[in-house]
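Report on the following structure.
FYI, it's all coordinate maths here, none of it is from the lab. Just so it is clear, the structure is predicted and the values come from calculations on it, not from any experiment. In this analysis, Cβ positions are derived from the backbone assuming ideal geometry, glycine residues included, and neighbour counts consider all displayed protein chains.
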Amino acid sequence: MLSLQNFLKSKNLIGHPKSFSLEERIFNTFCIIAFVTMCFEVPFNFYIGLMVPAALCLFGVFASATMFYFSRFRRKSSLCIKAFAIICNLTFTINYFFNSGIFGPNLLLFSLAFLLVIAIIPKKEFKIWVPINIILVLSILIVEYFNPSLIEYTYNDGLSKVIDFAITYLVVVIITYFSISYIRKNYNYERSSVLDKSEAIAEQSLRILAQKQELELLNSQKDKLFSIVTHDIRMPLNSIQSYLELLTEVDLEADERQMLKKKLLQITKDTSDMLTNVLSWSKTQMEGTNTDLKPLNVLDSLINGLNVEKTIAEKKGVALSINSDEDIIITADHNMFQLVVRNLVNNAIKFTPKGGEVKISVVKRIGNCLITIQDNGLGIDEAQQTNLFKLKASSTFGTNNERGIGLGLLLCKEFTDLQNGEIWFESTAQKGSAFFLSFELVSVPAVQ
């Protein structure tokens, strides 16, 4: 039985589950089994002298083959199923009267017809075909009871009767097996498909919800960011305007004029730094950023790229030192690398009071270079550390009220990732911070 099932599968005789319904596949299986068994029944019935049953079986051979063809290859399954039900009931009724009636295997055949009805007929048609089967069987039994002479007893001996019953039983069992097997298998398949689809839909819904929440949060942060940027640009511009009006319209002492110039310079620089970060971040969000990774001499880049920061540190009274070997070459994008380092050094200077120190050290490790930017300034509060590399969009102030909007570290994170580097930090409030950058080492000289 299992080998027959495997044969049907391997030859794809009954139709693929994705293209054929369960009822169609069961019906096609019935047609194949009916064809095979009828081919065997025809010579057997002729041999034992059952001429009418033999003729009916011969008719069944051609009928099952024809209906299989139209169902499997012409996709006329609905019509074939109805024809099959009619032919089954009709031939089983004729066979009943010419094959020993109640003393033959005919009630088994009507039970098989009933199974066919509930297995392949659409559920909405049960009210038609189930009563037909029941009424037909009861009517035949009543007719036989009142007119037993209408029934022809056809068995020549006990052996032919046993063989007929055995074959009929096997046919019923085989078809019942395939019916229940396909129904159970289809149930498990559909159940598994529904569960898989439900899980997939649930996962997709969770992803969509997470993406929606993330977008809402990002949009909220962006709105807040640009609100702060607008506010923080307007304030220094108003201050610059007021200072310039004082310088041009009021007769000030020399020391007062010098103080105003310093304030103007500081406000202009803070605003310039803020706009640089905002524009750089906006570009990466709107257009993406192309990295140009090349060999880069770390010491040369630090010395040439931190001239402005050295001046700022000197004016604030903060010691800025660089400690690095001359032959350390990394793979990085020159502009991105300098933007990252400048932001980190600017932050260190901003949050380090007068008399403090900012140290930049560069050391080789196995396969990469570790750059440390350490200060002994204000440090970072523990509550703020988890959001340090995120778009938090909040104004921050240094030890001399230097203004920032918390965007520089987000840029440092994004630009470091784009260069295949790593960034992390260690900080203790009121004791200082250390930021670490790691980039891949190369052995070729840098071309500046």
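Structure values in brief
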| quantity | calculated |
| --- | --- |
| Nearby aspartates and glutamates by direct alpha-carbon distance to residue 310 (threshold 20 angstrom, same-chain neighbours under 8 apart not counted) | 270, 273, 300, 325, 326, 357, 375, 402 |
| Most to least packed among 195-204, 359-368, 252-261, 298-307 [average Cβ atoms within 10 Å] | 298-307, 359-368, 252-261, 195-204 |
| Kirkwood Rh and Cα Rg combined as Rg/Rh, the range 43-155 | 1.00 |
| Evaluated over the range 85-220, the Cα radius of gyration and Dmax, each in Å | 26.4, 94 |
| Segment residue 69-residue 193, extension gain: residue separation times 0.36 nm, minus the distance between their alpha carbons | 41.6 nm |
| Quarter of Cα convex hull surface for the range 125-191, i.e. mean projection, nm² | 6.9 |
| Amide H within-cut-off set for residue 333, under 5 Å, with H built and near neighbours excluded | 294 |
| For peptides 125-136, 85-96, 147-158, 67-78, sequence by mean Cβ density within 10 Å, most packed first | 85-96, 67-78, 125-136, 147-158 |
| Hull volume in cubic angstrom per residue (convex hull over the Cα atoms of the range 44-83) | 55 |
| Rounded, prolate or oblate (a/c below 1.5 giving rounded, otherwise prolate when a/b exceeds b/c) for the range 311-393 by Cα gyration tensor | oblate |
| Virtual spin-label span in nm between residue 253 and residue 304, 7 Å along Cα→Cβ | 4.6 |
